[in-house]
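*Asks:* Quick one: this structure, given as structure tokens, is what I'll be asking you about.
No value in this document is a laboratory result; all are computed from the given coordinates. This structure is a prediction, so every number in the text was calculated from the model and none was measured. Ideal geometry is used to build each Cβ from the backbone, glycine not excepted, and the neighbour counts take in all protein chains shown.
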Amino acid sequence: MPTCQNCNKEWSWKQTFIKMFTLDNSMECPHCGEKQYYSTKARKRTAALTFIFPFIILLNMFDISLYLSVGIFLVYLILMVGIFPFLTELSNEDEPLW
Ligand SMILES: [Zn+2]
């Protein structure tokens, strides 16, 4: 789970999950209210995860049933959402991606 770089308190899965849906790059720490950003490392990890997505679409080119492809897609979505808070790492500053 991500730890606030300002107050060193750990965010819960639920808190991180809620922060996932903010469009802003910054997330406010639920403990100290200080702004936190995704670290570059965490952003690269999540980018790698989303790279899997086209492969799932490619699966549809094979002759599998619609139900199966929708099922795979749902499992992937649930996994993504479930794993995401574990991959999140916080930084005090908005780091450049590269
Ligand atoms: Zn904090």
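*Asks:* Which condition number in (1) touching a Pro at 6+ places or on another chain (Cβ under 8 Å); (2) touching a residue at least 40 places away in the same chain (Cβ under 8 Å) is the one that residue 10 fails?
*Replies:* Answer for residue 10: the failing condition is (2).
*Asks:* Output yes when any residue across the stretch 13-23 is within 16 Å of the ligand (Cβ to nearest atom), among the β-branched types (Val, Ile, Thr), touching a Lys or Arg at 6+ places or on another chain (Cβ under 9 Å) and outside any helix (DSSP H, G or I), and no when none is.
*Replies:* Checked the stretch 13-23: no residue is within 16 Å of the ligand (Cβ to nearest atom), among the β-branched types (Val, Ile, Thr), touching a Lys or Arg at 6+ places or on another chain (Cβ under 9 Å) and outside any helix (DSSP H, G or I).
*Asks:* Output the number of the condition that residue 95 fails; it satisfies all remaining conditions of (1) surrounded by fewer than 14 Cβ atoms within 10 Å (Cβ to Cβ); (2) of a type outside the set (Phe, Trp, Tyr); (3) over 21 Å from residue 13 (Cβ atoms).
*Replies:* Failed condition: (1).
*Asks:* Looking only at the stretch 42-50, decide whether some residue is more than 15 Å from the ligand (Cβ to nearest atom), on the phi < 0 side of the Ramachandran plot, hydroxyl-bearing (Ser, Thr, Tyr) and assigned to a loop (DSSP other than H, G, I, E, B).
*Replies:* Narrowing the stretch 42-50 to residues more than 15 Å from the ligand (Cβ to nearest atom): 42-50.
Among the residues that remain, those that are also on the phi < 0 side of the Ramachandran plot are: 42-50.
Now restrict to residues that are hydroxyl-bearing (Ser, Thr, Tyr): 46, 50.
Keeping just the survivors that are assigned to a loop (DSSP other than H, G, I, E, B) gives none.
Within the stretch 42-50, none of the residues are more than 15 Å from the ligand (Cβ to nearest atom), on the phi < 0 side of the Ramachandran plot, hydroxyl-bearing (Ser, Thr, Tyr) and assigned to a loop (DSSP other than H, G, I, E, B).
*Asks:* Tell me the residue from 49, 58 that is surrounded by 12 or more Cβ atoms within 10 Å (Cβ to Cβ) and out of contact with any Gly (no Cβ under 7 Å at 6 or more places or on another chain), please.
*Replies:* Values: 58 fails: surrounded by 12 or more Cβ atoms within 10 Å (Cβ to Cβ).
Exactly one residue qualifies, and that residue is 49.
*Asks:* Among the residues of the stretch 29-41, is there at least one that is assigned to a loop (DSSP other than H, G, I, E, B), closer than 12 Å to residue 88 by Cα and either within 14 Å of the chain's Cα centre (by Cα) or within 12 Å of the ligand (Cβ to nearest atom) (or both)?
*Replies:* So in the stretch 29-41, the residues assigned to a loop (DSSP other than H, G, I, E, B) come out as 29-34, 39.
From what's left, closer than 12 Å to residue 88 by Cα: 39.
When the remaining residues are screened for being either within 14 Å of the chain's Cα centre (by Cα) or within 12 Å of the ligand (Cβ to nearest atom) (or both), the result is 39.
So far as the stretch 29-41 goes, yes, one or more of its residues are assigned to a loop (DSSP other than H, G, I, E, B), closer than 12 Å to residue 88 by Cα and either within 14 Å of the chain's Cα centre (by Cα) or within 12 Å of the ligand (Cβ to nearest atom) (or both).
*Asks:* Kindly indicate whether any position in the stretch 68-82 is under 19 Å from residue 12 (Cβ atoms) and within 16 Å of the ligand (Cβ to nearest atom).
*Replies:* Taking every residue of the stretch 68-82 in turn, none turns out to be under 19 Å from residue 12 (Cβ atoms) and within 16 Å of the ligand (Cβ to nearest atom).
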